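Note sheet for the following structure.
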Amino acid sequence: MKVEVNDTEVQVMLGNVLKRVSDMRPAMRDISILLKESVKKNFEAEGRPKKWKPLAPSTIASKVKRKGTWRPILVDTGKLRASNTPSYGAKWAKLTNAVKGNYGWKHQYGTGKIPARPFMMIQDEDIPRIIDVLRRYIEND
């Protein structure tokens, strides 16, 4: 699973930056870290901008029985939350979730039994931050 930014303003600005700046890896590194921070906040808030559907009472009871305590939504062992890996190249930045199988996909998009709880998404508030990163690299080149 990966996060993509398809914002027109970001795409146009990135195109302009690539024409002027020879090495965008530092900017792409910063953007990939920004993506990871945004997804981390999604877990901390248990969904942004819209809260995730609450766990079923039976799921909460099962978690408490197995673990001896309640854990936040989408956090059982912590692997899903910890497996968000930023990467970047000269013209791209991305965040992938490396949990084996389709575990992350099931929670991101939902299944017949599991409601969608999209955690791999950036927020509207992140777009100006991405633009600021690109602007900083344009001005400093």
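Please treat every number below as a calculation from the coordinates, not as lab data. If you're wondering where the values come from, they're calculated on a predicted model, not measured in any experiment. Ideal geometry is used to build each Cβ from the backbone, glycine not excepted, and the neighbour counts take in all protein chains shown.
Structure values in brief
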| read-out | value |
| --- | --- |
| Full-stretch length increase - ARG29, LYS63 - with 0.36 nm per residue and alpha-carbon distance subtracted | 8.6 nm |
| Sorted by Cβ density within 10 Å, fewest first, the residues VAL64, VAL133 | VAL64, VAL133 |
| Bins of 10 Å, starting at 0 and running to the largest distance - Cα pair percent for segment 27-87 | 21, 41, 27, 9, 2 |
| Hydrodynamic radius of segment 8-140 per Kirkwood, over alpha carbon pairs, in Å | 16.5 Å |
| Residue-by-residue Karplus 3J(HN,Hα) for segment 119-132, coefficients 6.51, -1.76, 1.60, Hz, glycine and proline x | 9, 8, 8, 9, 9, 3, 5, 7, 4, x, 5, 5, 4, 4 |
| Approximate spin-label separation TRP105-ARG136, in nm, with each point projected 7 Å along Cα-to-Cβ | 3.6 nm |
| Surrounding net charge for LYS106, when Lys and Arg each add one and Asp and Glu each subtract one, Cβ distance under 10 Å | +2 |
